[in-house]
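Trainee: Input: one structure, supplied below.
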Amino acid sequence: MMRLADDTTLVESLRLAVPLYLADLLTRPAADRAAVAQRWRATGASAVGERGDLLQFVDLGRTEAKRLKVANTFEQLARGLAALVVLHPPGVDFAGLHWCLRPDCARCHPPRPEPTLSLAGINAQLEALDADYRRLNGLPAYTPSPAPEPSPAPPTKLPRPRRPIVTVHLPEVA
């Protein structure tokens, strides 16, 4: 049986949607935030209870109406999870993901690993692989050909200057 954490589409969609709904909740005034969070939590729980199987099992012959139900169920699940994050300070775990409001949470903000190779290191490995390939196939060692000297570009021809047309109005002398 497949775990929800193995459903890549659902997990990656939640990874995007829950923070968006969480940001929407956090930008609301405090009094409004609590009421909206309670409503989102209740509708999310009922939607998952009634139609959660639509998110788990893919029906290849889905009609447009059924696709709309799937989208609405997903939206209510994501909103419900965002509401739970606001209502439950330690955070929420779902489908292998974790969301919380703590800025120092190592699960929400894991440290980025330092790159193990530099560009020079990658180039050195590629050159070594190329040398091995050439040696094993009896090819001569690679020596880059010198870059050709750039030839000077011919001068650009400018259009012949034209004389300006000037209209002169001379007064009549009587």
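The values are calculated or read from the model by the stated rules, or taken from the named source; none is laboratory data. Model, not experiment: these values are computed from the prediction. For neighbour counting, all protein chains shown are included, and Cβ atoms are generated from backbone atoms with ideal geometry for every residue, glycine included. In case anyone asks, the SASA skips ligands and DNA or RNA and just uses the protein heavy atoms, side chains included. Shrake-Rupley method; radii C 1.70, N 1.55, O 1.52, S 1.80 Å.
Trainee: So how do 81-87, 167-173 stack up, highest first, on mean other-Cβ count within 10 Å?
Mentor: 81-87, 167-173
Trainee: Helix 64-87 against the longest principal axis of the chain: what's the angle in degrees, Cα atoms only, rounded to the nearest 10?
Mentor: 80
Trainee: Here is a further query. Take each of the peptides 35-45, 94-104, average the number of other beta-carbon atoms within 10 Å over its residues, and list them starting from the highest.
Mentor: 35-45, 94-104
Trainee: Using +1 on the beta carbon of Lys and Arg, -1 on that of Asp and Glu, and nothing else charged, what's the dipole of segment 45-174 about the Cα centre, debye to 20?
Mentor: 560
Trainee: Further question: Helix 30-56: angle to the longest alpha-carbon principal axis of the chain, degrees 0 to 90, nearest 10?
Mentor: Value to nearest ten degrees: 80.
Trainee: So how do 20-26, 122-128 stack up, highest first, on mean other-Cβ count within 10 Å?
Mentor: 20-26, 122-128
Trainee: Would you compute, from DSSP H runs of 4+ residues alone, the mean residue ellipticity of the chain at 222 nm, taking -39500 (n - 2.57) per run and dividing by the full residue count, rounded to the nearest 500?
Mentor: Result for the chain, helices only: -17500 deg cm²/dmol.
Trainee: With everything on Cα atoms, drop me the angle between helix 119-136 and the longest principal axis of the chain, reported from 0 to 90° to the nearest 10.
Mentor: Result, in degrees: 80.
Trainee: What number, in percent, do you get for the relative contact order of the chain if the mean sequence gap of Cα pairs under 8 Å and at least 6 apart is divided by its residue count?
Mentor: 20
Trainee: Dividing the convex hull volume of the Cα atoms of the chain by its residue count, what figure in Å³ per residue is obtained?
Mentor: Here the figure is 535 Å³ per residue.
Trainee: Also, quick follow-up: Which is farthest toward the positive dipole end of segment 1-74 among LEU20, ALA31, PHE57, measuring Cα position about the Cα centre, with Cβ charges +1 (Lys, Arg) and -1 (Asp, Glu)?
Mentor: ALA31
Trainee: Hey, can you find the accessible area per residue of segment 35-174 for me, probe 1.4 Å, expressed in square angstrom?
Mentor: 84
Trainee: Sticking with this structure for a sec: Of all accessible surface on segment 39-174 at a 1.4 Å probe, what whole percent is carbon and sulfur?
Mentor: Whole-percent figure for carbon plus sulfur exposure: 60.
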